[in-house]
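S.K.: One structure coming up, written as structure tokens, with questions to follow.
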Amino acid sequence: MEVGSSHRENLGTTLDRLLIDLERRVIDECSPGSRLPAEGDLAIQYNVSRITVREALKVLAGRDLVDLGAGRRAVVKAPSASTLAQYLDVAIRRDSSASLELNEIRSALEVQSATLAAKHIDDESRASLAEAIDEMSRAADAFKRGGQEVDYHHADIMFHERLAVASKNQMLSLVLISFEEALRSTFTESFRGHLLLGKPIDQGLALHRRVFEKVSEGDTRGAAAAMRETLRDSNRNIRAAYRLPQRSD
């Protein structure tokens, strides 16, 4: 029993060391799209078994650092928002009141996103945001005629993602886009509270349109103020959905 336990410990230690080396190699030395050496070559380079290499690559794939395909070498992936997105989605699904906490995070990041988007606005970003606002408007009109609520949420998320891209800040965009799945739950609760408060769907659309107008004009202060009001409205809606007392902003 002691020999078996020692053997498992050695295997674990070897795998841990290989993971540290491979992760450092992937992040520091490899560009997205490049391929790692074959499993056999890696085993020789690191003086470990092919099984250990295979297990290490599976862990790196789970961390979204490499892509594994049958019969080919591991491919280094570009930074992705999927890992954080999965965590946030699980957190919201386990505790729906976490929507309020997510909104608190958004309050800082989305205001910064709107400010930077206004600062760096160009024709391409302006057209992309206009398309998202038009989609929100069509979805709102369709909802009033008995259409699907989810279409409005989809357009809403599209607008916030495109605003993040328009900020021209890659890291900010990556974080905000990772909110997508979690935001679907948050927007559902916000929309429910919106209706409970007796507010028309056009009111929420008008707030988003105001953000777009200020960003489009390059008005950084106006864009920040418009986004703050949009998020305050969302927070009030979520509190109404959970029947929590409203707070003075």
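The values are calculated or read from the model by the stated rules, or taken from the named source; none is laboratory data. In this text, all values refer to a predicted model and were calculated from it rather than measured experimentally. Counting neighbours? That spans all protein chains shown, and the Cβs are built from the backbone with ideal geometry, glycine included. Areas reflect the complete protein model, heavy atoms only, side chains present, ligands, DNA and RNA absent. Shrake-Rupley method; radii C 1.70, N 1.55, O 1.52, S 1.80 Å.
S.K.: Does residue 106 count as basic (Lys, Arg) and either under 23 Å from residue 190 (Cβ atoms) or modelled with pLDDT of 95 or more (or both)?
M.R.: yes
S.K.: Here is a follow-up. Does residue 206 fit the bill of being open to solvent by less than 60 Å² (accessible area, probe 1.4 Å) and modelled with pLDDT of 95 or more?
M.R.: yes
S.K.: OK, next. Could you pull out the residue among 138, 210 that is more than 25 Å from residue 100 (Cβ to Cβ), of a type outside the set (Gly, Ala, Ser) and without any contact (Cβ under 8 Å) to a residue 24 or more places away in the chain?
M.R.: 138
S.K.: Restricting attention to segment 158-167, does a residue exist that is crowded, with 20+ Cβ neighbours inside 10 Å and in contact (Cβ under 8 Å) with a residue 60 or more places away in the chain?
M.R.: Within segment 158-167 (the criterion being crowded, with 20+ Cβ neighbours inside 10 Å and in contact (Cβ under 8 Å) with a residue 60 or more places away in the chain), the answer is no, since none of the residues qualifies.
S.K.: For segment 66-90, give me each residue that is at pLDDT 65 or above, among the small types (Gly, Ala, Ser) and buried (at least 16 other Cβ atoms within 10 Å of the Cβ).
M.R.: Scanning segment 66-90 gives 74, 85.
Yes/no matrix, rows are residues, columns are (1) closer than 22 Å to residue 105 by Cα; (2) of a type outside the set (A, V, I, L, M); (3) not in a helix (DSSP H, G or I):
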| residue | (1), (2), (3) |
| --- | --- |
| 139 | no, no, no |
| 199 | no, yes, yes |
| 212 | yes, yes, no |
| 245 | yes, yes, yes |
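S.K.: Can you name the residue in segment 145-157 that is in a helix (DSSP H, G or I) and charged (D, E, K, R) and, of all such residues, is surrounded by the most Cβ atoms within 10 Å (Cβ to Cβ)?
M.R.: Once the filter is applied, the top-ranked residue is 156.
S.K.: Between a first residue in segment 26-51 that is at positive phi and a second residue that is exposed (fewer than 13 other Cβ atoms within 10 Å of the Cβ) and not aromatic (Phe, Trp, Tyr), which pairs have beta carbons less than 8 Å apart while being 6 or more apart in sequence or on different chains?
M.R.: Close Cβ pairs satisfying both conditions: 33/78.
S.K.: Moving on to the next point. Of (1) modelled with pLDDT under 95; (2) in a helix (DSSP H, G or I); (3) loosely packed, with under 14 Cβ neighbours inside 10 Å, residue 221 satisfies all except one. Which?
M.R.: It is condition (1) that residue 221 fails.
S.K.: Being aromatic (Phe, Trp, Tyr) and at pLDDT below 95 is the filter here; which residues of segment 145-189 pass it?
M.R.: Listed by number, the residues that qualify are 152, 179, 187.
S.K.: With respect to the numbered conditions (1) of a type in the set (S, T, N, Q); (2) in contact with a Phe, Trp or Tyr (Cβ under 8 Å, 6 or more places away or on another chain); (3) open to solvent by 60 Å² or more (accessible area, probe 1.4 Å), which one is the sole condition not fulfilled by residue 246?
M.R.: With respect to (1) of a type in the set (S, T, N, Q); (2) in contact with a Phe, Trp or Tyr (Cβ under 8 Å, 6 or more places away or on another chain); (3) open to solvent by 60 Å² or more (accessible area, probe 1.4 Å), residue 246 is out only on (2).
S.K.: (1) open to solvent by less than 60 Å² (accessible area, probe 1.4 Å); (2) at pLDDT 90 or above; (3) among the hydrophobic types (A, V, I, L, M, F, W, C); (4) closer than 22 Å to residue 228 by Cβ: which one isn't true of residue 142, the others all being true?
M.R.: Just one mismatch for residue 142, condition (4).
S.K.: Sort out which residues of segment 18-57 are in a helix (DSSP H, G or I), over 14 Å from residue 77 (Cβ atoms) and open to solvent by 70 Å² or more (accessible area, probe 1.4 Å), and write them in order of number.
M.R.: Correct list: 20, 24, 28, 29, 41, 44, 45, 50, 51, 54, 55.
S.K.: Which condition does residue 171 not pass, out of (1) touching a residue at least 12 places away in the same chain (Cβ under 8 Å); (2) within 26 Å of residue 218 (Cβ to Cβ), if it passes all the others?
M.R.: Residue 171 satisfies all of (1) touching a residue at least 12 places away in the same chain (Cβ under 8 Å); (2) within 26 Å of residue 218 (Cβ to Cβ) except (1).
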